[in-house]
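All remarks here apply to the structure that follows.
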Amino acid sequence: MIKSLLLAAFSAAFFLASPAHAYTQHDIDATGHNRLIKVLSNHGITSYLDADVCETQGLSGFYHSPTRSLVLCNKGSKQMSRENLDTLRHESIHVAQDCRAGKLGDKRMGTVFPFGYVENAAQLYNIDLDNINHIYTVRRGASAEVVRLEYEAFAGAAALTADEVSELVKRWCPIVK
């Protein structure tokens with residue numbers, strides 16, 4: 001079903017010199033994103049780039065709990081974009097949420113940030129929580145709990161570096177041997 005390249009195996013090739021445009025501290029740290037991919041792998045998550053479903057669904061990426069797969073959609077490019085790096089951190093937060101509520105891969109998700117974190121990060125990083133709510137409830141029919149988990153993932157991806165997201169995954173997920 002997923003025919004793309006294994007991102008973890010080829011991550012170095014994708015984190016070559018970035019095109020010149022405004023990048024945040026999160027985007028500049030390619031090494032941190034490589035470490036995040038390795039942490040995900042150590043915790044049983046397989047990362048993919050440009051799976052077939054990307055073209056049909058118009059997605060930036062997704063985490064699929066039952067198969068323990070994290071997919072980044074890159075439209076065939078061999079370089080990671082700012083959006084890919086943001087999506088990697090966002091979807092990795094969903095991995096931590098998956099571990100937080102139970103066993104990795106059981107589709108149960110739980111919040112990973114303390115009360116008030118999301119609201120503070122949303123203000124600081126200009127995250128439109130109303131828009132996220134609209135997208136997930138109106139367009140996708142998601143529950144209030146799913147919306148809360150998305151709020152966390154958007155806020156965390158904006159506020160945390162790749163290494164900080166790695167620590168979040170390590171805190172909640174057991175290492176797979």
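Once the chain from ASP163 to ARG139 is taken as fully extended at 0.36 nm per residue, the excess over their C-alpha distance is 5.4 nm. Full extension of the chain between GLN123 and THR67 yields a length gain of 16.7 nm, computed as 0.36 nm times the residue separation minus the alpha carbon distance.
Since every read-out is calculated from the coordinates, none of them should be taken as a lab result. Being a predicted model, the structure only gives us computed values, none of them experimental.
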